[in-house]
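Since the structure comes first, as C-alpha cells, the remarks are kept for the end.
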Amino acid sequence: MTFQDSPREECGIFGIYSPNEEVARLAFFGLFSLQHRGQESAGIATSDGRRLWLHTDMGLVAHVFDEETLARLPGGLAIGHTRYSTTGSSRIVNAQPVVVECALGELALGHNGNIVNAQTMRRELEEQGHTFTGSTDSEVIARLIAVAPGADWVEKLRHAMRRLQGAYSLVLLTRDALMAARDPLGVRPLCLGSLNGGWVVASESCALDHIRADFLREVEPGEIVRIDSSGLTSHPSPEGKRPCRGLCIFEFIYFARPDSVIEGRLLYQAREAMGAQLAREHPVAADLVIGIPDSATAAGIGYAQESGLPYTQALLKNRYVGRTFIEPDQRIRDIGVQLKYNPLPQVLAGQRVVVVDDSIVRGTTTPRVVALLRAAGAREIHLRVCAPPIRYPCFFGVDMATRQELIAAQKSVPQIRDLIGADSLGYLSLEGLIEAVALPRERFCLACFTGNYPIPVQLEMDKLALEASPGLPSMAFLP
C-alpha cells in the first residue's frame, strides 16, 4: 500500500574500486544514501581478485544487509544496486546486481534506466539458446554483453551499447575491474569520484559525500570508464559530444536528493528557484506557504521568499511510512493519506494557504491532501506545482503511468482544479522550469510534458512485458 501521486523512483547504482581494503561496508553506505531511488530490493557484488561474491534480497538496504552478510562479501571491488521495478515485477529473481558468465569470466551488472528494445533483444538471445532467470531488461543487457564479440570487456560492452536503445547508466564488475557506462543521451545521472587512492561511481554525488569521497566529474553520455590496477581509462562515445542530450528533467524536480549536484547545479538551489518562478508566474493573496514534505520543501521556501509570505511546516510527514502489504481496514482506507501526513490545525485554521507540490501524475492523492488541509481548518487552498502538466508517459526508467491514467492528458487545468478541490491551481511553465534549472533546454528530455521523445518508443509499453517471454515460467506476482 502506498499513498503517492508523484513519479515513482527508478534505481540507484554504486561502484567502488579500492583493492587494498574491504569495500562491502562502503558499498553498503553508498547504497544507503541512494535508498530514495528504490526501495524494493537491494544487492551488492564484490570481487576478491579471484571470483565474484553476491548477496541480494527484497527490502530496504538496511534490512538486506547486516554485519554477517557484509562479512561474506570479501574484496576491494564492489558494485551495488537498490531497485524500484520499471521493467519486470518486484521479486527476488529480479534483484540486482545480475551475474552472468562467458569466456572472459563472470560479470556482475547494476542498471538504472529502461531499455525500449529489450523484448527484441531478449527474443534474439532466446532463439540463440540462452536461458533467462528473471524478467528484467537489466538481465537482457548483461547477457547481451556476455555474448557480444570482443577481445575484452570494453569491446564487448561497446558492441552491446550499439544495439541498446533507451536509458541506461551501468556499473559492471569483473574479477579484476570496475566499469561504468552511460547511454549516449545521458538520460540517467552517473558521477565519478575518488577515495583514498581508489575510485567511486554513483548515481548521485550525495553517495560520494556520505563516504567522504571527492567528486571529480560526471560520466559523459556514451562514455565507458574502466578502472583496474593500471588506473582509470576513459573510452569516450565514438559519436563525440552531442549538442542535444536527454537528461531526465525529473532528476531536478523530484528524483535526486536536494544535496546532490548534477550538471554543476545543486538541486536544492534549483528547486528553490522553481518555487520562486512559480510565485512570479502564479501569485495569489494568501497568508502562508507550505511545501509538501519532503520533495517540495525547497520549492515551498523559494515561493515564500519570492512572494514575501511566511513559510511554515503545517503539514508533517511520517517518515516511517513506506511500502507495506498489510491491508488497511475501511476506516484507515478512508483517511489513507493521513497515514503519511498530519496537518497542524492550530497553524492552518482560518488561513489562506499556498501549497507547493513537485508534480501531479494521476491526481489520486492530491485531492486527499487538499481535503486533509480543509478538515484542519484551512480557509483557502491554492495549489502550485513545480512541474508543468504531465501529459505523456515515460519509457526511460520512470514508472509514471499510462497516458490514460495521466490526469493532465485527460483534463484541462480548471477541470483538474475542480477535481482536486483547490481554490486555485497553477503549474510552472516549461519555460519557467528551464529558467529555474539554469541549464540549456537541449540537455534535457522533456517528453513527459511535450510528447517529443529523444528516440522512438512504443507508446504503450508494459513494464511486465518480459514476464510473458516463453523462457520464463508463469507464476503469481505480488502487486
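Selection of the range 158-175 for residues being in contact with a strand residue (DSSP E or B) (Cβ under 6 Å, 6 or more places away or on another chain) and not β-branched (Val, Ile, Thr) yields 164, 166, 167, 168, 169, 170, 172, 173, 175. The residues of the range 53-85 that are outside any strand (DSSP E or B), of a type in the set (D, E, K, R) and in contact with a Phe, Trp or Tyr (Cβ under 9 Å, 6 or more places away or on another chain) amount to a single one, 72.
For the range 388-417, name all the residues that are under 20 Å from residue 281 (Cα atoms) and surrounded by fewer than 20 Cβ atoms within 10 Å (Cβ to Cβ).
To start, the set of residues in the range 388-417 that are under 20 Å from residue 281 (Cα atoms) comprises 388-390, 408, 412-417.
Correct list: 412, 413, 414, 415, 417.
Only one of the listed residues (406, 439) is at pLDDT 85 or above, over 30 Å from residue 241 (Cβ atoms) and within 21 Å of the chain's Cα centre (by Cα). That residue is 406.
For every residue, the table says whether it meets (1) in contact with a Cys (Cβ under 8 Å, 6 or more places away or on another chain); (2) surrounded by fewer than 18 Cβ atoms within 10 Å (Cβ to Cβ); (3) outside the structural domain of residue 176 (by TED's automatic domain parsing).
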{"residue": "61", "(1), (2), (3)": "no, no, no"}
{"residue": "65", "(1), (2), (3)": "no, no, no"}
{"residue": "107", "(1), (2), (3)": "no, no, no"}
{"residue": "110", "(1), (2), (3)": "yes, no, no"}
{"residue": "116", "(1), (2), (3)": "no, no, no"}
{"residue": "127", "(1), (2), (3)": "no, yes, no"}
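Of the residues making up the range 428-455, those that are touching a helix residue (DSSP H, G or I) at 6+ places or on another chain (Cβ under 6 Å) and crowded, with 21+ Cβ neighbours inside 10 Å are 428, 436, 437. Residue check: is residue 333 surrounded by 19 or more Cβ atoms within 10 Å (Cβ to Cβ) and at pLDDT below 95? No. A count restricted to the range 85-112 and to residues that are within 15 Å of residue 14 (Cα to Cα) and not small (Gly, Ala, Ser) stands at 6.
To keep it simple, each residue is scored yes or no on (1) β-branched (Val, Ile, Thr); (2) more than 24 Å from residue 61 (Cβ to Cβ); (3) at pLDDT below 95.
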position	(1), (2), (3)
102	no, yes, yes
124	no, yes, no
137	no, no, yes
155	no, yes, no
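The strands (runs of 3 or more DSSP E) found wholly in the range 167-256 and carrying at least 1 residues that are of a type outside the set (Lys, Arg) and surrounded by fewer than 23 Cβ atoms within 10 Å (Cβ to Cβ) occupy 191-195, 198-202, 214-218, 224-228, 231-235.
The values are calculated or read from the model by the stated rules, or taken from the named source; none is laboratory data. No experiment lies behind these values; they were computed from the predicted model shown. Backbone-built Cβ (ideal geometry, glycine too); neighbour counts: all protein chains shown.
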